[in-house]
Structure formats: structure tokens, C-alpha cells
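Chemist: Below: one structure in C-alpha cells.
The values are calculated or read from the model by the stated rules, or taken from the named source; none is laboratory data. Here the structure is a predicted model, which means the values were calculated and not measured. Neighbour counts run over all protein chains shown; Cβ positions are idealised from the backbone, glycine included.
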Amino acid sequence: MSLLSLNNVSVAYDKNVILKDFNLNVEKGELLSLLGPSGCGKTTTLRLIAGFLQASGGQFIFDGKDYSQVPINKRHFGFVFQNYALFPHLSIFENVAFGLRQRKVDRKEIEKRVKHMLEVVSLSGFEKRFPAELSGGQRQRVAIARALVIKPDLLLFDEPLSNLDANLRVTMRVEIRRIQQELGITTVYVSHDQEECFSISDKVAILNKGVIEQLDQPKTIYKYPKTEFVARFIGFNNFIQCRQREEHETHLTFFTEQEKFEVQKNAGTTSTRALKLAIRPDNIVIEKCRTGSGGTPGHRDNTLTGQVKISTFLGRSYQYEVDTSLGTFQVNREMEMPFSTGDRVILIFPKEKLVLVD
Amino acid sequence: MMNEKDRGLAIFTWLTFIVLLGPLVIIIITSFGADSYLSFPPKSLSLHWYQNIFETEGFISTFKTSIFVSLIGNLIALIIGIPAAYALSRYHFKGKGVLNALFISPLLIPGIVLGFTMLKYVIVTYHMPIYTGLLVGHSIIMLPFVIRVISSSLSNFDFSIEEAALSLGAGKLATFFKVVLPNIRSGLIAAILLAFLESFNNVDISIFITGPGVSTLPIQMLQYVENYFDPTIAAISVLLMILTAALMFFIERLMGFSYFTKK
Amino acid sequence: MKKSIAYLLMLPGLLFLVFFMVVPLLFTVSSTLVQQGHFSFDGYLAFFKDQYFIEILFNTLKVSLITTLMCIFISFPAAYYISKLRTRKKTILIGLAVFPLLTSAIVRSFSWMIILGKKGILNTLLLHLHIINEPINILYTPTAMIIGLVHLFLPLMIISLIGVMENISDDLVQAAESLGASRFTAFRKIVFPLCIPGLVVGSILVFVGSLTAYTTPALLGGKQQVISVFLYQNAMTLNDWYAASIIATIMIAITFIVIGFMNLAARKLNPKG
């Protein structure tokens, strides 16, 4: 049984429904990320788990018990806020010790545990400082220490790295993952940064408009997005809507009005009857049309002819927007032999790079 | 996020506001009473006391004086206050803290002390006419309002806009009037209105600087209350409240009430 | 060059204030220290030996202190409630708090004369309910004065407190709660300490305001004297400008001592604002 389950939970602000019949399971010891654009309901889900807001319906089971009515201060969860929410009038020591003092922990024990926790987050010697005297990264680590020192049953992160600069973000997410694994604390992590989520999570749930579109291991999501939304979100910018499909032993064949595409069978094609194909801009091969201008080339499967509409220099590569009979495609290609606007080109869609999405 | 525990807080808050505003409501009701003494609730209604304002010697003339003093005093405060506020927010210079404190000090020094010293020196020693003395006194108490509100408007002002105007060929003065002033207009008008109310309601200064034929409306009201206890003052109070409400409406439109909590 | 512009811009205001405020104040203060051409502290000594004056001074301080404490007590819950509200309701309530603040002190004191007078609303009501048999005297007592002053200054305290409470993020309270603090503990340990700057500003405004208020004590206090009324009487009724100057100087001194003391207390209470 999962450590944490949200069963058919609904949340609404005034008349805005944020979550409706929402379900989520988190297993003991894992780090699960909720990823999605702003307004997708990820923060609402997190605050619901923390107890900051009440669901209007559904059930929240934690460790086999119904937690729906348990007040915030009795839940024993650690929460790390986006803006850290350090108490500005308390020293770093007192900030970290706050939760222990609420639990009437013995004075010597508090001293020991706070000291140890500050060591874990590499902030020894900062006990007497105040939050205003610390840098963003240091504050972040205090916030984590404050949440961890109470040995919470569950750790919740609300976009903890979004206020840090790029380099620090990378350092801190490694740090968070290290501490989480060291202590083995079940963690729910909210972010809108996919690289961040993919790099630290055991599992990622991608949310859209209050619904989980896909919940899988990061690698699986990256390779085999299940829905168009997820595909778009992780950079599959090209889609082909087909009308018909045929199943063969090693591959599937898809038909549009005039074109035919073969797709190699893989983990993402097994359980879906979808008719939409997706591919990353990097995976489309672009070549110059050899038969000269005007004429239709000898037609092969998995290819489209088109004309370069826009060519953008991206530094390491060029990005082309190519108009074809099936719409505009985005293609990335390394620098050599750039095409120019107006060139006739052939786009090749390798069958092992095409994925199926709903 | 409110829950049941906050209901007690809500009830307490509403009670507080009833105590705060109830007396003003009572004034409004008594002003329509027909009796010649203050009774509540009034046994019958009449507009007699509103009529009495206009028939009683002194109210209209002191009202005119009050308006005149508040308006002209306001103008003086603006003329000397705007450049000072601009200098205080725009430039860094030695003694800025002290000068800032000096410009705000009319708010800190007890009004009654200010009134007395002004009587002693401005009227008696400097031999200023009473009318002019009133103007000077009111300008001084309005000055901190002008300086404070305009300084806070200017503190949100991006002075690079000013540099942009200068680089486009506008002169210093033209830049101020065409670029800076229009951008702090709402703050400026709010300052004018707040200062006006402060001056118009002032007792502490005016009570010392009155003389034969020269007095302000609040002083006239004070004297009336000492001698008569009828609803005339309630009627005037209602008219003053309408004036206050109207000015507040403009202040809200210009700055939002949040201005008051962010001083 | 730039700096001289700054001074030039301030010059008119500076001259105006110096000529009409600073010089009169300085002369008033210095006039109290000179008797028959010599420096002398006798005037003050006489004042502080005078039982009557000491009583007035003490009375004023007492009234101001009670007013301030009552304002704090009433404002805290109200301000906390308002600061947690959403925009529209909040704007209305702040507006309703500001309205009395901008209304003439005469109007507001007068309303309490209607309520507290011998034939006033309160007496009528209490007689009607048979809680009392004879009208009670509240008007022209220190109680009436305190009621009037609390009414006068309550909005200032509410607004000062809302100002600081607005900046206390909900996250802080939620953080405290998630760490195991009850709502009350979160308020006591997090919200209250963070309110201290606003509390100090509000207290200075209310205390100094009560200490120096003239209109309300003059209308509601009757023969119960406070220092500002005493100054006025010495200056205008008794025409004793020497005494009035001494009172004026004492008032300025007390004002600045109070402000300095409260700021000091604020720094002690709240080392890291």
C-alpha cells in the first residue's frame, strides 16, 4: 500500500475548480515531483497535503490513516517554501530549533540536533546569524534544515529553487537529492522546471489543468510521452495526426491522406490506440531536395517534402521552420551546410524516433 | 482563509467599527432633530438646524476664512514644499537626515506649542497681521504632508525618465513640469487634499491666532459649543463629514487607501 | 554643482521654517531660562514644586498611557483581522477607519458629548433599562476624556498595525504551524514579534497625540485639566506668557523624551527588524 494516497480529491477557490477527482499515490522513501505549468494545480496539491488548505471532497490517506481532518500542526510534515519563509526575527539556530521547541524536546537534545542538521546543510557556525544576513542559497539550506530537523514523516518542497540563480540551482538540487536519499525521507517536490524535476526524482507526475497526464520514471517520460501535452512540455514540438493504423510484428504503420509512416514498436506503443505521432526537432533529418525545384520526388515512407520558411541561428545549431503538406515542422540541424529561406527540402522521420501520443 | 476560529476576530472587529463610526451616525441623526436641545432619538424631524447655520452670525464668515486660509496656505506649502521634497528625494547631500527631520518636525512638535510660539513671535514680535499669521501657521502644518506624500511618490519615480527627457533636449525646468510632475500627479493631489483637511480641521494653531473679526470655522464651533448645546453643531458636523467623505473618495481613487497603511 | 542645486531648492522652505517656527521656538525656550538678564532655572524649579502643576502633568501622562494601552488592546485583533482580508473588503474597512481620522476632532468629541451627557444617550438608555436610577456623570470626567481620545486615536493605531501585519507573509504562520505550533503559538511567537515596529510607531503617535491633544480634553474633560489646556489658559486667559513658555518647553521635552525612549525600547525588543 502506498504511504500517501489522495483519493478523488477536489479543491476549489470560490468558484474556481483547481482539482477535481484528483488521485495520487506516493510510495515510501521515494521522491516524487509534481511538474507542470503555473496554474496546473501542483502547488494546490502540495498545500493540500500539508494541510494549508482543505479539500471540498475526497480522501487523504497517510500511512493507513485518514488525514483529511488532521490540523497542520499535528501532521508532522516538513514544508520548504518557495520564499523560504524563515522567521526574520529569529536567529538561524532559533529558526531551526523552532519545530523542536514546539515538541518540547529537551534543551540539550535541541542543541545537538540543530548543530547536527546545520552540519548536514553545511551551515555550521551560522547559528547566531539572522536570515537577513544570509545569501539566497544559505537561506534555502536553513529552510531545509528547519524542515528536516523534526524528522518529518513526509517532506514537501514548493518550488524551493526558483529564487536562486542558475548555478546555485544545480548545486542545491544535487544537495537536496543527497540529503533526501541519505535520510530516506519520502518527498513530494513541486517545480515548473523539468530539468530540475527529471534530475532529482524517482518519479515525475506531469500535471495539466488539475489532471495528472502522466506519472512515470523520468527516463520513461522523456522517451515515451503519453499525451500531446506531455510531449509538448518536454520538447516534442512536431505532431502528425494520422487517420488510420495497421499493426505488424515489429512496427506499426500509420496513414494520413497521402503519406505513410512506420513506427518501430517500443515501450510507449504497446497499450495505446492513439493516431497521433510526435517527434523532437532534433530527431528529424533534413536534406536538400535532389530532383531540383518544382517536381515531386520519388516518394518514400517516413518522408515529407517542404520549403524552408524561417531559418534561425541558435549557436550550436540552426533551427528551421519547414512548411509541408502536413503543416509546419520545426527541425534542428548542426551548423554545416545551412539552408536558406525558400530552399526545397526533404524531411526524414526515423521510425525509431517517432512516438505515439494521445 | 477564514475558519470558525476567525469568527470571534470578525465579531470583535465589527464591534470596534461600530464604536468607531456609531458616534458619527448619532451626530447625523441628531442633526435632523426638531428639539432645541440634543436628544436621541429625536422626537420629530426638521431641517431647522441646517437653516440655523446660515442664520447664525459667524459660521459663514469663518467658513470663508477657513477655506481661504486652507487653500492659500496649501498653495504656499506646495510652492516651498515641492522643490524641497524633490531635492530631498533626488539628491544626496550632507545633512540630509537633519533637513528631512526639520521639514517633518511641524508634525512632531505639539500643535498647541506651535500655536503659542507663533502668537508670541509671528503676531506680537514680528507684527504680522492676524490674517497673514494664520496663513503662515497653516502653511507650516501643511508642509510635512506635502513633503511626505510627494517624497514617497518620488521614491517610486524612475529618475532615468528624467534623464531621458534631458537627453531629448528638454531643459531642467521643462523636464520637471512635463515629465516629473505629471508622473507624481496623483500623489500630489492626494497631498493637497490631506493637507487641506489637516488645515481645515486645525484647532491648535488657529485658537491662538484669532482676533477681532478673524477666526476659523473650528474655533467658531468650539465657542458655540461652549455657549449653546443645540443640534446646530451636529448639522455643521454633517456638512463637514460630507466634505471629508468627498475628499476621501478622491484620495482613494488617486492613491488607494493602502497609502495610509504604508507610511 | 548638483549639491548646490539641492540646497537652493530647499532654501525657501528652510527660510520659512527657520523664520516662523525654529526661531520662535528657540526664543520661547531661551526666554524661560533667563530672568532679569541672568541665566536661571528658577522658573522650572517653581513649576516642579507646584503641587497643582505636578498633578496636571501626572494626570496627562496617566490619561495618555491608558489611552495608548486601550488603543493597543482594541486595535490588535481588528488590525489582524483586516490585514488578512482580501482586497475589496479590506479597502472598505481601511476606508472606514481612515474616515474618522480625517474628520474634525471637534465633530468627534461633540458626538461623545451627545452620548455621555447628563441627558445623553447612555444615561437615557441605562435609566430606561433600570440599570441606574439617577443619571451618572461621565461627561467632564477623565473617563470621558479617555473615551474621546481612544476614539480619536484608534484609527491611527489600527492603520499602523495593518501596515506591519500586511507584510507578514501567511507562509510564516503556515511554516510555524507545519513545524508543530498551534495557531495561538504561531501568533505569539511569530506574528506578534514582527508587529513590534508598527506597534511602536502607533504607540508613539497615540501617546504623543494624547499627551498634546487640546480639543478633546477641552470639550470632554471639563475642569479636569491636562497640560495642553493648562498651557492655553496660562497664555490666553491668565496672560502669563512666562508660565506658558515654560509649559511649552516642558511639552516639547516630554515629546522628544517619549519618542526617544520608545525608539530605544523598539530596538531592544526587536534586534533584527
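Chemist: Take region C:104-123 and flag every residue that is surrounded by fewer than 16 Cβ atoms within 10 Å (Cβ to Cβ) and either within 8 Å of another protein chain (Cβ to nearest Cβ) or touching a Ser or Thr at 6+ places or on another chain (Cβ under 9 Å) (or both). So that I can check it myself, show each step before the final result.
Modeler: Initially, region C:104-123 is screened for residues surrounded by fewer than 16 Cβ atoms within 10 Å (Cβ to Cβ), giving C:118-119.
C:Lys119, the sole residue that qualifies.
Yes/no matrix, rows are residues, columns are (1) closer than 30 Å to B:Tyr37 by Cα; (2) in contact with a Cys (Cβ under 7 Å, 6 or more places away or on another chain); (3) surrounded by 20 or more Cβ atoms within 10 Å (Cβ to Cβ):
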{"site": "B:Leu173", "(1), (2), (3)": "no, no, no"}
{"site": "B:Asn183", "(1), (2), (3)": "no, no, no"}
{"site": "B:Ser186", "(1), (2), (3)": "no, no, no"}
{"site": "B:Ile205", "(1), (2), (3)": "no, no, yes"}
{"site": "B:Tyr228", "(1), (2), (3)": "yes, no, no"}
{"site": "B:Ser237", "(1), (2), (3)": "yes, no, yes"}
{"site": "B:Leu243", "(1), (2), (3)": "yes, no, no"}
{"site": "B:Phe249", "(1), (2), (3)": "no, no, no"}
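Chemist: Return the only residue of B:Ile67, B:Ile80 being farther than 30 Å from C:Phe256 by Cα, out of contact with any Cys (no Cβ under 9 Å at 6 or more places or on another chain) and in a helix (DSSP H, G or I).
Modeler: Criteria check complete, one pass: B:Ile67.
Chemist: Additional query: Taking region B:36-66, which residues are surrounded by fewer than 15 Cβ atoms within 10 Å (Cβ to Cβ) and within 14 Å of chain C (Cβ to nearest Cβ)?
Modeler: Of everything in region B:36-66, those that are surrounded by fewer than 15 Cβ atoms within 10 Å (Cβ to Cβ) and within 14 Å of chain C (Cβ to nearest Cβ) turn out to be B:Ser36, B:Tyr37, B:Pro41, B:Lys43.
Chemist: Kindly provide the set of residues from region B:16-30 that are at the interface with chain C (Cβ under 7 Å from one of its Cβ atoms), hydrophobic (A, V, I, L, M, F, W, C) and more than 14 Å from C:Ile147 (Cα to Cα), ordered by number.
Modeler: Passing the criteria: B:Phe17, B:Leu24, B:Ile26, B:Ile27.
Chemist: If we keep just the residues of region A:73-115 that are buried (at least 22 other Cβ atoms within 10 Å of the Cβ) and aliphatic (A, V, I, L, M), which is farthest from the other protein chains (Cβ to nearest Cβ)?
Modeler: Among those that are buried (at least 22 other Cβ atoms within 10 Å of the Cβ) and aliphatic (A, V, I, L, M), it is A:Val114.
Chemist: Is one or more of the residues making up region A:263-280 assigned to a loop (DSSP other than H, G, I, E, B), at pLDDT 90 or above, buried (at least 17 other Cβ atoms within 10 Å of the Cβ) and in contact with a strand residue (DSSP E or B) (Cβ under 9 Å, 6 or more places away or on another chain)?
Modeler: yes
Chemist: Sticking with this structure for a sec: Which residues, taken from region B:19-52, are of a type in the set (S, T, N, Q), in contact (Cβ under 8 Å) with a residue 60 or more places away in the chain and assigned to a loop (DSSP other than H, G, I, E, B)?
Modeler: Residue satisfying the conditions is B:Ser36 alone.
Chemist: Mind checking which strands (runs of 3 or more DSSP E) fall wholly inside region A:13-117 and carry at least 2 residues that are at pLDDT below 90?
Modeler: A:16-26, A:57-62
Chemist: In addition: Out of (1) surrounded by fewer than 20 Cβ atoms within 10 Å (Cβ to Cβ); (2) within 14 Å of the chain's Cα centre (by Cα), the odd one out for B:Ile192 is which?
Modeler: (1)
Chemist: Is it the case, given these coordinates, that A:His89 is in contact with a strand residue (DSSP E or B) (Cβ under 9 Å, 6 or more places away or on another chain) and not hydrophobic (A, V, I, L, M, F, W, C)?
Modeler: no
Chemist: Can you tell me which residue in region C:145-174 is surrounded by the most Cβ atoms within 10 Å (Cβ to Cβ), limited to those that are of a type in the set (Gly, Ala, Ser) and touching a residue at least 12 places away in the same chain (Cβ under 8 Å)? Lay out the reasoning, then the answer.
Modeler: Quick first cut of region C:145-174, residues of a type in the set (Gly, Ala, Ser) only: C:148, C:160, C:163, C:169.
Now drop any that are not touching a residue at least 12 places away in the same chain (Cβ under 8 Å), which leaves C:148, C:160, C:163.
Details: C:Gly148: 29, C:Ser160: 27, C:Gly163: 21.
Result: C:Gly148.
Chemist: Also, quick follow-up: From the list C:Phe99, C:Phe187, pick out the single residue that is within 28 Å of the chain's Cα centre (by Cα), of a type outside the set (Asp, Glu) and within 7 Å of another protein chain (Cβ to nearest Cβ).
Modeler: C:Phe99
Chemist: Only residues that are within 27 Å of C:Tyr7 (Cα to Cα) and either touching a Lys or Arg at 6+ places or on another chain (Cβ under 9 Å) or within 7 Å of chain C (Cβ to nearest Cβ) (or both): list them for region B:91-113, please. Quick ask: steps written out before the conclusion?
Modeler: Applying the first criterion (within 27 Å of C:Tyr7 (Cα to Cα)) to region B:91-113 yields B:91-109.
B:Tyr91, B:His92, B:Phe93, B:Lys94, B:Leu99, B:Leu102, B:Phe103, B:Ile104, B:Pro106, B:Leu107, B:Leu108, B:Ile109 - these are the residues of region B:91-113 that are within 27 Å of C:Tyr7 (Cα to Cα) and either touching a Lys or Arg at 6+ places or on another chain (Cβ under 9 Å) or within 7 Å of chain C (Cβ to nearest Cβ) (or both).
Chemist: Is it the case, given these coordinates, that A:Arg129 is touching a residue at least 24 places away in the same chain (Cβ under 8 Å) and part of a loop (DSSP other than H, G, I, E, B)?
Modeler: Answer is yes for this residue.
Chemist: Find all pairs meeting these conditions: Cβ atoms under 8 angstrom apart; at least six residues apart or on different chains; first residue within region A:6-22 and closer than 17 Å to A:Phe52 by Cα; second residue hydrophobic (A, V, I, L, M, F, W, C) and in a loop (DSSP other than H, G, I, E, B).
Modeler: A:Val9/A:Ala55; A:Ser10/A:Ala55; A:Val11/A:Leu53; A:Val11/A:Ala55; A:Leu19/A:Ala55
Chemist: If a residue counts only when it is touching a Gly at 6+ places or on another chain (Cβ under 8 Å), which helices (runs of 4 or more DSSP H) contained entirely in region C:90-190 have at least 3 such residues?
Modeler: Filter on region C:90-190 gives C:105-116, C:142-165.
Chemist: Being surrounded by fewer than 18 Cβ atoms within 10 Å (Cβ to Cβ), touching a Leu at 6+ places or on another chain (Cβ under 8 Å) and assigned to a helix (DSSP H, G or I) is the filter here, so list the residues in region A:182-219 that pass it.
Modeler: A:Leu183
Chemist: If I filter region C:232-273 down to residues being touching a residue at least 40 places away in the same chain (Cβ under 8 Å) and not aliphatic (A, V, I, L, M), which single residue comes out as farthest from the other protein chains (Cβ to nearest Cβ)?
Modeler: Applying the filter and picking the extreme gives C:Asn263.
Chemist: Okay, next question. Tally time: how many residues in region A:1-26 are closer than 19 Å to A:Gly64 by Cβ and touching a strand residue (DSSP E or B) at 6+ places or on another chain (Cβ under 8 Å)?
Modeler: 12
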